[in-house]
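A.B. asks: Can you keep this structure in mind? I'll have questions shortly.
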Amino acid sequence: METQLPHDPFEDTGPRPFATGYRSGSGEGPVYGGLAGAVLTGFLAAYWGDPRLYVLTILALILSFYFFPLVELRRPQLGANDDGLFIAGIGFIAWAEIAHLELFNTAVRQILLSTLIVTLHRPLEEAVAKPEKAVWYRNLMTRAYRRKSKTRIEVPLHPMKGRPEDILGRLRAYRAGGR
């Protein structure tokens, strides 16, 4: 009589939930540079008494605020699970609503830029299964996606942790898994 071994979880090659965020170094320049500029211009405005420098201080603070999500390394920006494809600022898009996932690569000088293109069967507002509940000021910050039409979303993958090909592979595994 043959004995059956228990199921080994490491043998399962099916889709696994995942989430990824921005990698370290993808946004420190604009955020911390803007803060340094704000401190410098604020100090000079106070020292010289020139109110025009306060305008530069405010602009530098706005720049830092706008790019702040790029330094929130622990906040997921893209992911997948049984609920669907997660994109920060949108929420979960049901797998059944996704018509196509593709990776578009382009190069600028020696820098490879990768973008995930998500094509939907229906407009985005109808395809979202679980909208993300976000505070109002998040709408004033940079987003993890660009909406190109009612049914097309582009997610830049080059600032994200992980190889773009691996991210696309994991997303396609979920989509093919019949979820």
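The values are calculated or read from the model by the stated rules, or taken from the named source; none is laboratory data. Since this is a predicted model, take the numbers as computed values, not measurements. All Cβ positions, even for glycine, are placed from backbone atoms using ideal geometry, and neighbour counts span all protein chains on display. Heavy atoms of the whole protein, side chains included, go into the accessibility calculation; ligands, DNA and RNA do not. Shrake-Rupley method; radii C 1.70, N 1.55, O 1.52, S 1.80 Å.
A.B. asks: Look at Leu112 and say whether it is within 12 Å of His158 (Cβ to Cβ) and open to solvent by 40 Å² or more (accessible area, probe 1.4 Å).
C.D. replies: Values: within 12 Å of His158 (Cβ to Cβ): yes; open to solvent by 40 Å² or more (accessible area, probe 1.4 Å): yes.
When the stated conditions are applied, Leu112 passes them.
A.B. asks: Here is a further query. Quick check on Arg163: is it out of contact with any Pro (no Cβ under 9 Å at 6 or more places or on another chain), open to solvent by 40 Å² or more (accessible area, probe 1.4 Å) and either within 18 Å of Thr115 (Cβ to Cβ) or of a type in the set (Val, Ile, Thr) (or both)? Write out each step before concluding.
C.D. replies: Numbers: out of contact with any Pro (no Cβ under 9 Å at 6 or more places or on another chain): yes; open to solvent by 40 Å² or more (accessible area, probe 1.4 Å): yes; either within 18 Å of Thr115 (Cβ to Cβ) or of a type in the set (Val, Ile, Thr) (or both): yes.
Considered against the rule, which asks whether it is out of contact with any Pro (no Cβ under 9 Å at 6 or more places or on another chain), open to solvent by 40 Å² or more (accessible area, probe 1.4 Å) and either within 18 Å of Thr115 (Cβ to Cβ) or of a type in the set (Val, Ile, Thr) (or both), Arg163 comes out as yes.
A.B. asks: State all residues of segment 132-157 that are loosely packed, with under 12 Cβ neighbours inside 10 Å and more than 23 Å from Ser26 (Cα to Cα); if no residue qualifies, say none.
C.D. replies: So in segment 132-157, the residues loosely packed, with under 12 Cβ neighbours inside 10 Å come out as 133, 135-137, 139-140, 146, 149.
Listed by number, the residues that qualify are Lys133, Val135, Trp136, Ser149.
A.B. asks: Report those strands (runs of 3 or more DSSP E) wholly inside segment 59-156 carrying at least 2 residues which are touching a Phe, Trp or Tyr at 6+ places or on another chain (Cβ under 6 Å). Full working, then the answer.
C.D. replies: On the way: elements: 78-81, 84-87, 91-93, 98-108, 111-120, 128-131, 146-149, 152-156.
Of the strands (runs of 3 or more DSSP E) lying wholly inside segment 59-156, those with at least 2 residues that are touching a Phe, Trp or Tyr at 6+ places or on another chain (Cβ under 6 Å) span 78-81, 84-87, 111-120, 128-131, 152-156.
A.B. asks: Does Gly34 count as touching a Ser or Thr at 6+ places or on another chain (Cβ under 9 Å), within 24 Å of Pro69 (Cα to Cα), modelled with pLDDT under 90 and surrounded by 12 or more Cβ atoms within 10 Å (Cβ to Cβ)?
C.D. replies: Values: touching a Ser or Thr at 6+ places or on another chain (Cβ under 9 Å): yes; within 24 Å of Pro69 (Cα to Cα): yes; modelled with pLDDT under 90: no; surrounded by 12 or more Cβ atoms within 10 Å (Cβ to Cβ): yes.
So Gly34 fails the test.
A.B. asks: Kindly indicate which of Glu102, Glu97 is modelled with pLDDT of 95 or more, surrounded by 14 or more Cβ atoms within 10 Å (Cβ to Cβ), among the charged types (D, E, K, R) and closer than 25 Å to Glu165 by Cβ.
C.D. replies: Numbers: Glu102 fails: surrounded by 14 or more Cβ atoms within 10 Å (Cβ to Cβ).
Answer to the selection: Glu97.
A.B. asks: Separate question: From the list Ile62, Ile117, which residue is modelled with pLDDT of 95 or more, in the same structural domain as Leu35 (by the TED database) and of a type outside the set (Lys, Arg)?
C.D. replies: Values: Ile117 fails: in the same structural domain as Leu35 (by the TED database).
Among Ile62, Ile117, only Ile62 is modelled with pLDDT of 95 or more, in the same structural domain as Leu35 (by the TED database) and of a type outside the set (Lys, Arg).
A.B. asks: Same structure again: Residue pairs, Cβ under 6 Å, 6 or more apart or interchain, first in segment 48-69 and farther than 27 Å from Val135 by Cα, second open to solvent by 60 Å² or more (accessible area, probe 1.4 Å) and not aliphatic (A, V, I, L, M). List them.
C.D. replies: Here the result reads none, with nothing in segment 48-69 linked to a residue that is open to solvent by 60 Å² or more (accessible area, probe 1.4 Å) and not aliphatic (A, V, I, L, M).
A.B. asks: Related question: Looking at (1) at pLDDT below 95; (2) over 19 Å from Val135 (Cα atoms), which one does Glu72 not meet, given that it meets all the others?
C.D. replies: (2)
A.B. asks: Restricting to segment 1-31, what's the tally of residues that are small (Gly, Ala, Ser), at pLDDT 90 or above and open to solvent by less than 50 Å² (accessible area, probe 1.4 Å)?
C.D. replies: 1
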